[in-house]
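Single-structure report; data block below.
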C-alpha cells in the first residue's frame, strides 16, 4: 500500500514537471497547430514513458535487449528533465525583468515618435536627449495635437500585433483596446499613458524564446558534460591515511578503492575494461571493490564483468556486496566474481601483511537473511592489529567504531552524482565523499567509478582512489 502511494505521488510529480516544461518550451514559444508544437507535444508524452520503462524494465524481467533500448533515452531524459527544470526556474526570475526592460524601451521609442510629430521649429533646437527623456507627452501638447497624438501609439501597437499574428493568437481584449484607442472619443481626451507598456504578443513571444533558448542551452550542456565525464571513465585520486596500529613494515601499503561500478544496460564491458586498466596503472598492493558492481543478472551481464579477471595486485582483489547486488542475484554474483579471481568477503576477514582486512555484507541483504555480521567478521580478532573494513554503505560506521575498526572503506553515495543530489545524500549518510573521523575510526567514502540511472555526473566526478596507509611508527 505504501509503495503504491509513493508510486502515485512520483507519477503525479513527474506529470506536473513535464506539464511545466512543455508549457515553457512549447506552449509559450510555438503557434497552435504548428509542426513544432505538435512535435513538442508528442515528445512530452513519449519521453516520460521511456523514462518509466527504463526504470522498471529490469525489475519486471524484460529482455535485456529491451532494457538497453530503453535505458539510454529514458535515463538521459531524466537528467535532462532535472537540469532543464532548474534552468527554467532561474528563468522565471529573469523573465519579468526582461519584460520590464523591453516595455520601457518601447515606451521611450513611442514617446519620442509622438513628441517629434508635434514640436515647433523653435523646439527642434533643444537637445535630442531632452526629447528622448520625455516618456509621456505634456498636457499642452496633447491638447494641441488632437487625434493624431493618440493614434501614433495605437498604430504602433497595431503594427506589433500584426507582425506576431502568424506566431501566437492575440488575447481577445487587445482588439477591443485598439479600437477604443482610435475612436473619436479617445482622440478628444488624454490617451492612456504609454500604450507600449502593456504586454503585447510579440514581446511575450520574444522573451519566452530567449529564456527558453537559454534554459535549453544551459540544461543540455550540463547533461552533455556530465555524460562525457562518465563515459570517459574515472579519474585517479590519492590520499594518505595514517593508522596508529599499522606496523612500520606496512608503511606505504596502497589499496585501490573502487565502488559503484554499476555494470548494466548502459555501462557494459568497455566500461569495465576502462576501470580495470585505470586500476592496474596505479600498481596497487590490493584492490578493494566495495559493492554495487552490477545492475542486472549474471546471465545478462556476466560477460561484461569478465575484464575484472585482469585485475593485478600483489595481495589480491577483494569484493563485498552492495545493495544493487541483492536486486540482481547476490549469490550468483558472489560465485561469478570468485570465478573471475576476486575474493568475496562475506562477513569474513583475512590477515594481510601488517593489518586485518575484513568485509561485511550490505544491509540490503537482511531481507534475504544475509545482512552484515560484524561479530563474525571482527569479533574474535586481535585488537592490537590495525583493521581495515570493507562495507558498502557508510551508515554502518557506528558498528565499525564499536568493533575497533581503524579504517572503513565505503561507497554507495556516488557523492550525490547529480547536483543538488548531494544535499539529499547528506541527509541519509554520515559522510557523502572523502575522509572523515568518527572517534578512533576513520571513514573513507568513494564517489564511485560508474553511475546509476542516468549515465551523468554533475558536481561529483567518478573516481578510483588509491588509499596509502601510513604507519605512525615510521
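The values are calculated or read from the model by the stated rules, or taken from the named source; none is laboratory data. Bear in mind that the values here come from a model prediction, so they are computed numbers and not experimental data. For neighbour counting, all protein chains shown are included, and Cβ atoms are generated from backbone atoms with ideal geometry for every residue, glycine included.
Checked across region 65-72, the condition of being in a helix (DSSP H, G or I), without any contact (Cβ under 8 Å) to a residue 12 or more places away in the chain and crowded, with 17+ Cβ neighbours inside 10 Å holds for at least one residue. One residue stands out in region 411-439 among those that are touching a residue at least 60 places away in the same chain (Cβ under 8 Å) and part of a loop (DSSP other than H, G, I, E, B): the one that is farthest from residue 391 (Cα to Cα), namely 412.
Of all residues in region 299-312, none satisfies being closer than 13 Å to residue 392 by Cα, at pLDDT 95 or above and surrounded by fewer than 24 Cβ atoms within 10 Å (Cβ to Cβ). Scanning region 254-283 for residues that are farther than 19 Å from residue 411 by Cβ and more than 22 Å from the chain's Cα centre (by Cα) returns 269, 270, 273, 277, 280, 281, 283.
Could you go through region 358-380 and let me know if any residue there is within 35 Å of the chain's Cα centre (by Cα) and in contact (Cβ under 8 Å) with a residue 60 or more places away in the chain. Scanning region 358-380, I find at least one residue that is within 35 Å of the chain's Cα centre (by Cα) and in contact (Cβ under 8 Å) with a residue 60 or more places away in the chain, so the answer is yes. Go through the residues of region 370-381 one by one and say whether even a single one is farther than 21 Å from residue 241 by Cβ and crowded, with 21+ Cβ neighbours inside 10 Å. Within region 370-381, one or more residues are farther than 21 Å from residue 241 by Cβ and crowded, with 21+ Cβ neighbours inside 10 Å. Condition first: in contact with a strand residue (DSSP E or B) (Cβ under 8 Å, 6 or more places away or on another chain), surrounded by fewer than 19 Cβ atoms within 10 Å (Cβ to Cβ), over 30 Å from residue 408 (Cβ atoms) and in the same structural domain as residue 94 (by TED's automatic domain parsing). Can you find one or more residues in region 207-230 that meet it? Yes, because at least one residue in region 207-230 is in contact with a strand residue (DSSP E or B) (Cβ under 8 Å, 6 or more places away or on another chain), surrounded by fewer than 19 Cβ atoms within 10 Å (Cβ to Cβ), over 30 Å from residue 408 (Cβ atoms) and in the same structural domain as residue 94 (by TED's automatic domain parsing).
Of all residues in region 408-429, those satisfying the criterion of being crowded, with 24+ Cβ neighbours inside 10 Å and either outside the structural domain of residue 386 (by TED's automatic domain parsing) or more than 18 Å from residue 222 (Cα to Cα) (or both) are 408, 409, 410, 411, 412, 413. Any idea which residue in region 235-258 is surrounded by the most Cβ atoms within 10 Å (Cβ to Cβ), counting only those that are closer than 19 Å to residue 319 by Cα and in contact with a helix residue (DSSP H, G or I) (Cβ under 9 Å, 6 or more places away or on another chain)? Among those residues, the one meeting the criterion is 258.
Looking only at residues of region 1-40 that are within 18 Å of residue 87 (Cβ to Cβ) and more than 20 Å from the chain's Cα centre (by Cα), we find that the one that is surrounded by the most Cβ atoms within 10 Å (Cβ to Cβ) is 29. Within region 383-410, the residues that satisfy the criterion of being in a loop (DSSP other than H, G, I, E, B) and touching a residue at least 24 places away in the same chain (Cβ under 8 Å) are 384, 385, 391, 392, 393, 403, 404, 405, 406. Determine if region 442-453 includes at least one residue that is within 23 Å of residue 87 (Cβ to Cβ), part of a helix (DSSP H, G or I) and at pLDDT 95 or above. Within region 442-453, none of the residues are within 23 Å of residue 87 (Cβ to Cβ), part of a helix (DSSP H, G or I) and at pLDDT 95 or above.
Put simply, of 89, 50, 84 the only residue that is surrounded by 15 or more Cβ atoms within 10 Å (Cβ to Cβ) and either free of Cβ contacts under 8 Å to residues at least 60 places away in the same chain or farther than 25 Å from residue 219 by Cβ (or both) is 50.
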